Amino acid sequence: MRVLVVEDEPDLLAAVAKAMREAGYAVDTAEDGEEGIYKAETWDYDAILLDVMLPGLDGWEVLERLREKKGTPVLMLTARDAVGDRVRGLDTGADDYLTKPFDLDELLARVRVLIRRGAGKAAARIEIGEGVVIDQAARTASRDDESIDLTAREYSLVEYLAMHRGEVVSRTTLYEHLFDENDDSLSNLLDVHVSNVRKKIGKDFILTRRGLGYMIE
Amino acid sequence: MSGFFKSIRWRLQLWHGVLLVLVLAGYGWTSYRAAMRHRMASIDRELQRHSAVLIKTLPPWFPRNSPSNEPSSEESMELRIRPSAPLLRLFEESDSYFLLVAFLSEKSYRSPGCPEDLPIPEPFKKAAHFRFETRGEFREFAQPGGRGYRVLVGRNIGDDLAEMRRFAWILCGAGGGVLLVGLTGGWWLATRAIRPVRTIGETAKRIADGKLEERIDLADTDSELGELAGVLNETFDGLHDSLARQVRFTADASHELRTPVSVVLAQTQTALKRERSGDESRDTIEACQRASERMRHLVESLLTLAQLDSGEEEVVRETVEVERTARETVELMQPLAVEKGVKLVTALESSVRCEGDPERLAQVVTNLLSNAILHTAPGGEVRVSVTREEAAAVLVVEDTGEGIAEADLEQIFDRFYRADRSRGSANGGSGLGLAITKAIVESHGGSIEVASVPGEGTTFTVRLIATPDPVQPR
């Protein structure tokens, strides 16, 4: 999953980005509204964490402009707690709202919910034939209750395909959602991950549709 | 009982009642006495008159050539008396009047109406003496009649006394009636007068219980109580505003703290999620330190403001050389200016003094200077000048920086106001610097103004009360 974090306080941005990367997300960052809206419009993120108080273009404006084009799930972060602000946020099109200071675990959990809902699925567990279970809350995959050892990237790949099961997901899309701007774009990195997952779970777990992409049935 | 006396209405009533009773009693008593005296006086006059006439018209009792000095028998006494004045008939026939004539020999003539126990009057020493006496129901007047005999004229005043007693009762009754009416009227008046006080009390209680928007509503706003209500309402308005300001201030302050706190929280929670290398930990700690510095700065600013607000700060009043304070501050700011590529220029007049707290005034200069430097692009200039204009010590800080938009100019001295909404969070500013500066200047009895052209620069002008030059001895 790839997320965008827009926050002007550098130390806070660094901490959140690091925590999310370590949780397996690909994370892009922006320190002001202009940069934020540019990136949000350019790439399809699975979720956007948006601070309300930004220099230049503020969070509200970024959200409004984004909503003209995309329905990317947005979680707003703010230091203001007034009920009016919450309502405004939700009415303007935010999907969730967290006030600072927030608990990091709560942030991560809410992002997970956002992404699940964004993909149209509310369940936290996805079951795929042959007893394979993807637990999105724990970010693990298991077969017959035995957990499968996947790296963060491998899990992200599996999760994404599982959330779009039955659909063919193009390589480009997978690249966009698994790697962030900080990664070198090595085009066969994706194939390496797919191959590793097949080794660990099963040859037919991920199906290849030549010229189109990958899918999980 | 003490509760009884606490009520103003009852106390008013009590005093009113006591006063009324005293006045009525005094008036009644005086009336009674006056009436009594008047009546007695007229009765006395009458008795005296009768007596005088009697003495004149009665025959002398001692014929010139009688050997003894008195009549020989009672018969002859009567004979002598009878042919005299018709006045005698009054005494003969009257129920109320009576007459006693007493002779030297202790013989006496009594009219039919004489009371049985009427004593014979004592002899008089002088011819002009007379005596009035009241015995029970009889008023008696005795007078010497010449040659040793005495005439006593009296009257039964029983009826008069009864009438006076009736009068006394009427007075009491009337007085009681007046007292009742007075007390009732007084009670009614007191209730009416007290009612606005109760309204004030009830409204005040509601306000104290938390309904801060209520105000006292009295129909009559010109009376003393109306004025009181007006003053109280103004006080409540002031308190309400003051409370609202405090609430806003507290909200703003806690809001400001949220950002550094969230940095510390996020950094530490992330760091603790797994094993960290020394370098990673160091980064985390440094980020926490930066946030803590911001919090400290904020806390100090808030404390300063609170002190200035409450006026609790110990007032330091020394003679401050404004020029020296400005110069020292400029020197302190030099490194920052160099770092930002901004040139510092000074035009400082000496012998400009004012009374105040040197540290606080230094804070003012520091704050204005650092703002100017930070808002001016490299290559720009900041000019500090200190001059004397009549009775004012004037400090001017102008820069060639980015300027302040007109819309922001009005609010720039407000607490927590930052012209660029989030600038402070990265730069460490909290929006309190100018608010503190203004508070310090005003606590010194001075004023501060700002003028700015966006894109060209900003000028802050501080006016303080200059200390007059010491008088030079000639």
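The values are calculated or read from the model by the stated rules, or taken from the named source; none is laboratory data. Bear in mind that the values here come from a model prediction, so they are computed numbers and not experimental data. Please note: Cβ atoms are built from the backbone with ideal geometry, for glycine as well, and neighbour counts cover all protein chains shown. SASA here: full protein model, heavy atoms, side chains in, ligands and nucleic acids out. Shrake-Rupley method; radii C 1.70, N 1.55, O 1.52, S 1.80 Å.
Mean residue ellipticity at 222 nm from the helices of chain B, using -39,500 (n - 2.57) per DSSP H segment of n ≥ 4 over the full residue count, to the nearest 500 deg cm²/dmol?
Calculated at 222 nm, the ellipticity per residue is -19000 deg cm²/dmol.
When the Kirkwood radius is taken over all Cα pairs of the range A:1-73, what Stokes-Einstein diffusion coefficient follows at 4 °C and 1.567 mPa s, in µm²/s?
In µm²/s, the coefficient is 108.
Contact order normalised by length for the range B:170-320, with contacts defined as Cα pairs under 8 Å and 6 or more residues apart; what percent is it?
Computed value for the range B:170-320: 13 percent relative contact order.
Give me the lysines in straight-line cross-link reach of residue A:203: C-alpha distance below 19 Å, same-chain residues under 8 apart excluded.
Within reach: none.
Treating each Cα of chain A as an identical point scatterer and ignoring solvent, apply the Debye formula and state log10 I(q)/I(0) at q = 0.08 Å⁻¹.
Summing over Cα pairs of chain A leads to -0.29.
What FRET efficiency comes out for the pair residue B:277/residue B:339, r = Cβ-Cβ distance, R0 = 25 Å, nearest 0.05?
It comes to 0.20.
In the P(r) worked out for the range B:268-319, what percent of Cα pairs fall beyond 14 Å?
Here the long-distance tail beyond 14 Å is 68 percent of all Cα pairs in the range B:268-319.
Against the 2.2 N^0.38 Å scaling, with N counting residues, where does the range B:209-336 land? I'd like the Cα-based Rg ratio to two decimal places.
Working it through for the range B:209-336, the quotient is 1.81.
Could you work out the percent of alpha carbon pairs in the range B:297-448 separated by over 25 Å, rounded to a whole number?
Tail of P(r) above 25 Å: 30 percent of Cα pairs.
Which entries in A:100/B:273; A:69/A:100; A:39/B:273; B:56/B:125; B:56/B:107; B:6/B:205 show an alpha-carbon gap greater than 25 Å?
A:69/A:100; A:39/B:273
Kindly express, to the nearest 10 degrees and within the range 0 to 90, the angle between helix B:358-374's C-alpha long axis and the longest C-alpha principal axis of chain B.
That helix lies at roughly 40 degrees to the long axis.
Is it possible to state the helix-based mean residue ellipticity at 222 nm for chain A, with each DSSP H run of 4+ residues giving -39500 (n - 2.57), the sum divided by total residues, to the nearest 500 deg cm²/dmol? What is it?
It lands at -13000 deg cm²/dmol.
Compute the accessible area per residue over the protein assembly as shown, keeping the other protein chains in place, probe 1.4 Å, unit Å².
Heavy-atom accessible area per residue stands at 55 Å².
Taking the Cα centre of chain B as the origin and placing charges on Cβ (Lys, Arg +1; Asp, Glu -1), which of B:157, B:393, B:180 is farthest toward the positive end of the dipole?
It is B:157.
For the range A:128-217, count all C-alpha to C-alpha pairs, find those more than 22 Å apart, and express that count as a whole percent of the total.
20
Against the 2.2 N^0.38 Å scaling, with N counting residues, where does the range B:343-426 land? I'd like the Cα-based Rg ratio to two decimal places.
For the range B:343-426, the normalised Cα radius of gyration is 1.23.
Along its principal axes, what span do the Cα atoms of the protein assembly as shown show, with the longest given first and each in whole Å?
187, 94, 43
Can you give the Rg/Rh ratio of the range B:195-235, where Rg is from the C-alpha atoms and Rh is the Kirkwood radius?
So for the range B:195-235, dividing Rg by the Kirkwood Rh gives 0.95.
I'd like the per residue volume of the convex hull spanned by the Cα atoms of the range B:262-378, given in cubic angstrom.
153
Over all alpha-carbon pairs of the range B:115-265, lay out the pair-distance distribution in 5 Å bins, whole %, shortest bin first.
Binned Cα distances yield the sequence 2, 7, 9, 8, 6, 6, 5, 5, 5, 4, 4, 4, 4, 4, 4, 5, 4, 4, 3, 2, 2, 2, 1, 1, 1, 0, 0, 0.
Calculate the dipole size of the range A:6-95 relative to its Cα centre from +1 charges on Lys and Arg beta carbons and -1 charges on Asp and Glu beta carbons; express the result in debye to the nearest 20.
320
Treating only the Cα positions of chain B as identical point scatterers, give the base-10 log of I(q)/I(0) from the Debye formula at each q in 0.08 Å⁻¹.
Those come out to -0.77, one per q.
Roll a 1.4 angstrom probe over the protein heavy atoms and tell me the percent of accessible area of the protein assembly as shown that is carbon or sulfur.
53
So what's the projected area for the range A:31-138, the Cα convex hull averaged over all directions, in nm²?
Average of the hull's projected areas for the range A:31-138 equals 7.7 nm².
Report the dimensions of the range B:331-379 along its three principal axes from the alpha-carbon atoms, largest first, rounded to Å.
On the principal axes, the range B:331-379 reaches 36, 20, 15 Å in Cα extent.
Ordered by residue, what ³J(HN,Hα) values in Hz, to whole numbers, does the range B:459-465 give under the Karplus form 6.51 cos²θ - 1.76 cosθ + 1.60, where θ = phi - 60° and Gly and Pro are x?
Result, ordered by residue: 10, 9, 10, 10, 10, 10, 6 Hz.
Only four residue types carry charge here, +1 at the Cβ of Lys and Arg and -1 at the Cβ of Asp and Glu. Report the dipole size of chain A about the Cα centre in Debye, rounded to the nearest 20.
Magnitude of the dipole: close to 1000 debye.
Tell me which of B:329, A:163, A:148 sits at the most positive position along the dipole axis of the protein assembly as shown, charges placed on C-beta atoms (Lys, Arg +1; Asp, Glu -1).
Looking along the dipole axis, the top candidate is B:329.
Can you give the alpha-carbon Rg of the range A:99-175 over 2.2 N^0.38 Å, where N counts its residues?
For the range A:99-175, the normalised Cα radius of gyration is 1.18.
Using 15 Å as the cut-off for backbone N distance, which residues of the range B:231-249 belong to the label zone defined by a point 7 Å from the Cα of residue B:213 along Cα→Cβ?
Residues passing the 15 Å test: B:237, B:240-241, B:244.
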